[in-house]
Structure formats: structure tokens, C-alpha cells
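Remarks on the structure that follows.
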Amino acid sequence: MDFNYTPEQQQFRDALRRFIDKDYTFEHRNKIVRSEQGVSDEAWATLTELGMTALPIPEDQGGFNGSAVDMMVVMQELGRGIVIEPYFATVLGAQFVKLAGGNGELLEQVAGGALKLAAALGEKQSRHELFDIATSAKADGDGYVLNGTKTVVIHGAQADKIVVSARTGGNQRDTDGISLFLVDGNAAGVTRKDYRTIDCQHAADITFANVRVPASALLGKAGAGWEVLDAATDYGATLLCAEAVGAMDALNAATLEYLKTRQQFGVPIGKFQALQHRMAEMFMQAEQARSMATLAAVKVSSSDANERRRNVSAAKARVGQALKYVGQQAVQLHGGMGVTNELPAAHHFKRLTMIELTLGDTDYHLARFASLPDFRKAA
């Protein structure tokens, strides 16, 4: 396998890196965070102009039909720059729409940057088990009525439309009976409570109170949404692995620079062998995470669902272990400054912490990996 970037991937990476280095500096990001909106329309317009919103969209809908490997290139740069715009949420929502089929006009709007999406999947009792759904969708005439509450919806208040998982049949923890709907964020009965997460991004708790949607809002077939939900969230976990690699790269670079400049006993602390060993281990952890993130990006589109699940869970678990080590070591090697908001290192660490908790943490994916049939055969 050729692990080198194609010329097109290098162009995407370089263009995005130039934008972040020039116009999305740490100081610029802090201004956006402190703004009333919390995100930047100008930055979103630039991402659209660079083709980032079109990258994962099929060519028939005005996109570039980018693969998960292409998206890995983008997500690493967004992780390096700790970009807070709702790009991941929109791409994840678009993946649901792509897998379910139809809605070509909507995907065209996403490609053009005119539409932001979010995925409302988790509930207060579900934690990482996204099949645990209490939100209901009852057939009513030529449509459905939704009732329930979704929690920690990433950029849920910034989204124009929201992908919602709801139960049209079965028991609360069944995989059968799950349906997916595309709901307007401003529909009657939708209440969104917006708040900032620890990584300075935004999330929302969304309540659906007798929200009426037409039959056309249904994504795919009624009661058969689990396979789409499972595949789409695996895709999302793969993107998060790539973003974590970019954040770890930035943390390692910042920590190495700090070791070269911070003086103790008249010499840079990077001269101390114990700290050199810790820096070397941080580098190895990041490289192992990169390898697993690449494997997940290659395998996430596999037609074999168990192969996809196995590789994505292996990657999310290994990346979770690596980001914890790299993040904690970076904070410690920066000393007291490592936990202050004045340094990018603290913000990278917070973002890595949120990545660990999103779409399944390390423990969840280790358990999922061990539950797959191939693991039992190997054992």
C-alpha cells in the first residue's frame, strides 16, 4: 500500500494549513470563541471556498466524492488548528444522508456551504450505546410525530437541519425499530439549549415536543435505521481519530519547542535525559495512533460490517490511549503553564479529551472489539 499523499491530497492539506497559519491563528480563534456567536461565518465561508464542504459529497451533488482517506488529510489539519466551526457535525450529518440515499438537493446545499447539519443521537441514559433510544416517532397521517430529548448534540444549535434517531418500533434497547429523520432546526416543537463544551466548541440538548414531520423526512426505511446509524457513526469515529492525530502532532511540536527554550539550572530542560525519554515516548504514541487512524480510514468503507467495526474500534481505542498519554505528558512538561488558557497546549488537550468521549470512549471500543465474532475465533 502507498502511504504517500496524492498530489490532490497534498493540495488540500497545504491550502488548509496556509489558511490556519495565516488567518486562523490561536489569537484569532480566541476572538471567535469569545464572540456572541461562538463560531465564525467568515471562517466557514473560507472552508467552503477551499472545497472542504464539497470534499465528502458525491460528484452528482456537486462534490468531489472524497474518500475517508481524503477526509483524514483535512481532519488532521483541523485538529492541528483546533478549528471550532461545525465542520465535523455537518460532515457526519451528510454521511447519514448519503448512506440512507436520496436528498440530492440537500447534499448540494451542504457542498456549497449553504447548509449546516448536526446528528442528534445520544440520550441521557444511552451513553455510548446509541441503540438505546427512548425518543419516539409515531406515524400520524402522512407523516410522523416526534417526542423525546437528545443530549450533547455537537453544534446542534448551529445546525439548519438535524438528523434524529427515533424509535418507531421495538423495545428501548433493540436495534430493530430504529428510524432516522431529518428535522428542521426551527420546526415547531423543537427546543435547543445551546452551551459551550470544555474544548470551546458548542453542543445542545434538544427537546422534541410533538414535532410533526412529513413522510419525506424519513431517511431510508422505517424501523431499519440501525445499519445506517452504525456505519455513519463509525465514519464519524474515523474522522475523530484523524483529528486527534493532528492535535497530537501540534502538542508534540509545541512541547518540543518548550523543552528547547525553558531554562532550568542554566540549561534548557530539554537537555535532561528523563524528559527526552518522555518526549520520545510521546512521539511513538502519536505515530502508532497515526497508523491505526490510517487503517480505520482505509477500512471504514468495507462492505463487511464486522471488518469495519473491528478496525474502527481498534483505531478509536488505540488513539484514545495515545491521546491520553500525549495530552497528559504535554501538560506536565509545560509545567503550570500547561493548564492555562494562554497556551494552545491546554486547548489541544481539552479537544483531545472531548474526542475521547465522542462516539465511544476507549473502554467502549475495547469491549466492542472483543465482542465481535472474529475475536472469539482468534481466542
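Listed values, structure above:
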read-out: Area projected by the alpha carbon convex hull of the stretch 1-113, averaged over all directions, nm²; value: 7.5 nm²
read-out: Spacing of the two label points (7 Å from each Cα toward its C-beta) at Arg196 and Lys124, in nm; value: 2.5 nm
read-out: Selected from Lys150, Lys316, Lys138 as most flexible by GNM, with the chain as the system and alpha-carbon contacts under 10 Å; value: Lys138
read-out: Euclidean distance between Cα centres, the stretch 307-375 to the stretch 128-188, Å; value: 28 Å
read-out: DSSP-defined beta bridges in the stretch 142-286 - what % are antiparallel, rounded to 5; value: 95 percent
read-out: Under the Debye formula (equal points on every Cα, no solvent term), log10 I(q)/I(0) of the chain at q = 0.10, 0.12, 0.13 Å⁻¹; value: -0.63, -0.91, -1.06
read-out: Whole-Å distance, taken between Cα centres, linking the stretch 40-117 and the stretch 252-287; value: 37 Å
read-out: Helix runs (DSSP H) in the chain reaching 30 Å along axis by Cα, Kyte-Doolittle at least -0.5; value: 226-261, 273-299
read-out: D_trans [Stokes-Einstein, Kirkwood Rh over alpha-carbon pairs] for the stretch 256-340, 20 °C, 1.002 mPa s, µm² s⁻¹; value: 147 µm²/s
read-out: Probe 1.4 Å - accessible area at Trp44, Å² to nearest ten; value: 10 Å²
read-out: Calculated FRET efficiency for the pair Glu227/Glu281, C-beta based, R₀ 45 Å, to 0.05; value: 0.70
read-out: Cα-based shape type of the stretch 201-249, given that a ≥ b ≥ c are square roots of the gyration tensor eigenvalues and the cut on a/c is 1.5; value: oblate
read-out: Segment Val298-Arg173, extension gain: residue separation times 0.36 nm, minus the distance between their alpha carbons; value: 42.0 nm
read-out: Max mean-square fluctuation residue, GNM over the chain, Cα-Cα springs under 10 Å, options Asp142, Asp194, Asp184; value: Asp142
read-out: Shape call, the stretch 31-83: gyration tensor on alpha carbons, a/c limit 1.5; value: oblate
read-out: Extension reserve of the Arg17-Arg212 stretch, reckoned as 0.36 nm per residue once the Cα distance is removed; value: 65.9 nm
read-out: Average accessible surface area per residue within the chain, 1.4 Å rolling probe, Å²; value: 45 Å²
read-out: Carbon plus sulfur fraction of accessible area for the chain, probe 1.4 Å, in percent; value: 51 percent
read-out: Additional length obtainable on full extension of the chain from Asp142 to Gln264, 0.36 nm per residue less Cα span; value: 36.7 nm
read-out: Overall dimensions of the stretch 73-212 by Cα: Rg and Dmax, Å; value: 15.1, 49
read-out: Spin-label model distance (nm) - Asn186 vs Phe26, 7 Å beyond Cα toward Cβ; value: 3.8 nm
read-out: 222 nm mean residue ellipticity, helices alone, for the chain (DSSP H n ≥ 4; -39,500 (n - 2.57); rounded to 500); value: -17000 deg cm²/dmol
read-out: Range in the chain, longest, excluding exposed GluC sites (Glu not before Pro) [loop by DSSP; at most 14 other beta-carbon atoms within 10 Å]; value: 130-341
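The values are calculated or read from the model by the stated rules, or taken from the named source; none is laboratory data. Owing to the predicted nature of the structure, the values given are computational and were not obtained by experimental measurement. Heads up, the Cβs are rebuilt from the backbone with ideal geometry, glycines too, and the neighbour counts pull from every protein chain shown. What goes into the accessible areas is simple: the full protein's heavy atoms, side chains included, and nothing from ligands, DNA or RNA. Shrake-Rupley method; radii C 1.70, N 1.55, O 1.52, S 1.80 Å.
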